[in-house]
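Asks: Have a look at the structure that comes next, please.
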Amino acid sequence: MSSHKVSLMFFISLIITSLKAMAALAGNFYQDFDIMFGDQHLKILEEGKLVTLSLDKVSGAGFQSKNGYIFGRFDVQMKMPPGNSAGTVTTFYLSSSGPNHDEIDLEFLGNSTGEPYTLHTNVYAQGQGSKEQQFHLWFDPTKDFHTYTVVWNSKRIIFLVDGSPIRVFNNLESLRLPFPKNQSMKIYATFWNADDWATQGGRVKTDWSHAPFSASYRNFNINACLGSQGSPSSSCSTSTNSSAWQNQGLNAAGRNRLRWLQRKFMVYDYCTDRPKFPKGLPRECKHSRV
């Protein structure tokens, strides 16, 4: 067989392998998730590729992954409820179980018509939270789907919106500060009423005359290492071409983009909230700047 034919066959094989890997990454609800609550408020559409959650006075809805994971890249496309969504919270997050749990949060806080959504981020490590940063987005998240990503590896956690980094939480265990790395976490997505705190600290309540509210999720992508819930043991089951997250950080362009987005769109940073920490800001605040 000529070298040209061998090269062509290898190229075709590579394409087929890549397409199979991409298909494996394009998550399906039936394959990857279970319903948590609000059965009648959750609709699974397009053969499991699209999920809608609704919220009314009776209930919200939520789902969780079948598996727990130790480190990985987790992507989802979401579209927020339009109009007057004050009091509602739409979430996509990772969490372990137990009192000393780990958690990585993306929570979208609704607002009155015409006011921007607030993207609330937080990290819990060994039960210790209070690491909030909040952002207004540079687009209307109710008009179309946008991609929200968590990259979690042994060195850092990166939050991305449409591929742009908005936050980095570094592993500072060398300073004896906890970092999520020993507990596997499941993926959760919920839509619920939190008008006791969500909008302007609870001052604006949910207007139920606008119910039912609806939020949508699609294009779930999970590139991660499988782990037993609550256990540090893991087994990587990702395709070989999708493991860049394992050492992912930010290059110079990424750091510049992060600084610009934080300067323009960050509306709260726990590292500047001295009234919240009268005994002094958390120690990681001196070391977490990118």
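Asks: So what's the net charge close to residue 181: Lys and Arg +1, Asp and Glu -1, counting the other residues with Cβ under 10 Å from its Cβ? Display every interim value, and only then the final one.
Replies: On the way: positive: 155; negative: 102, 173.
Net of charged neighbours comes to -1.
Asks: Between residue 279 and residue 207, what is the FRET efficiency for a Förster distance of 35 Å, r being their Cβ-Cβ separation, to the nearest 0.05? Before the final figure, lay out each step's value.
Replies: Working: r = 39 Å, r/R0 = 1.13.
Efficiency for this residue pair is about 0.35.
Asks: Based on Cα positions only, what radius of gyration and what Dmax would you give for region 102-239, in angstroms?
Replies: 16.8, 52
Asks: With θ set to phi - 60°, apply the Karplus curve 6.51 cos²θ - 1.76 cosθ + 1.60 along region 198-205 and write out the HN-Hα couplings as whole Hz, x wherever there is a Gly or Pro.
Replies: Once rounded to whole Hz, the list reads 5, 10, 6, x, x, 6, 9, 9.
Asks: Please tell me the relative contact order of region 23-286 in percent, rounded to the nearest whole number, where contacts are Cα pairs under 8 Å and at least six residues apart. Don't skip to the answer; put the middle values down first.
Replies: Working: 641 pairs, mean separation 71.5, N = 264.
Over region 23-286, the number comes to 27 percent.
Asks: Let me ask something else. Listed highest first by mean packing, meaning other Cβ atoms within 10 Å per residue, what order do 33-40, 121-128, 269-276 come in?
Replies: Numbers: 33-40: 14.5, 121-128: 19.2, 269-276: 12.5.
Top to bottom by mean Cβ count within 10 Å: 121-128, 33-40, 269-276.
Asks: Let me ask something additional. What translational diffusion coefficient, to the nearest whole µm²/s, does region 23-286 have by Stokes-Einstein, given a Kirkwood radius computed over alpha-carbon pairs, a temperature of 4 °C and 1.567 mPa s viscosity? It would help to have the intermediate numbers written out before the result.
Replies: Working: Rh = 18.9 Å.
Rounded to a whole number, D works out at 68 µm²/s.
Asks: Excluding residue 29 itself, calculate the net charge of residues whose Cβ lies under 13 Å from the Cβ of residue 29, where each Lys or Arg counts +1 and each Asp or Glu counts -1. List each step's numbers first, then the result.
Replies: Values: positive: 43, 49, 66, 218; negative: 32, 34, 46, 47.
Result for the neighbourhood of residue 29: 0.
Asks: Right, next: Quick one: which residues, 5 or more positions from residue 84 or on another chain, have an amide H under 5 Å from its amide H? H modelled 1.01 Å from N in the peptide plane, none for Pro or chain starts.
Replies: Amide H neighbours of residue 84, under 5 Å, 5+ apart: 113.
Asks: By the scheme Lys and Arg +1, Asp and Glu -1, what is the net charge of all other residues having a beta-carbon under 11 Å from that of residue 166?
Replies: Taking every Cβ under 11 Å from that of residue 166, the sum is +3.
Asks: Something else about it: For a quick protection proxy, order the peptides 73-83, 94-104 by their average other-Cβ count within 10 Å, most packed first.
Replies: Details: 73-83: 20.2, 94-104: 17.8.
In descending order of packing, they fall as 73-83, 94-104.
Read-outs throughout are calculated quantities, based only on the coordinates presented, and are distinct from any laboratory measurement. Values in this document were obtained by computation on a predicted structure and should not be read as measured data. Positions of Cβ are backbone-derived with ideal geometry, glycine not excepted, and every protein chain shown enters the neighbour counts.
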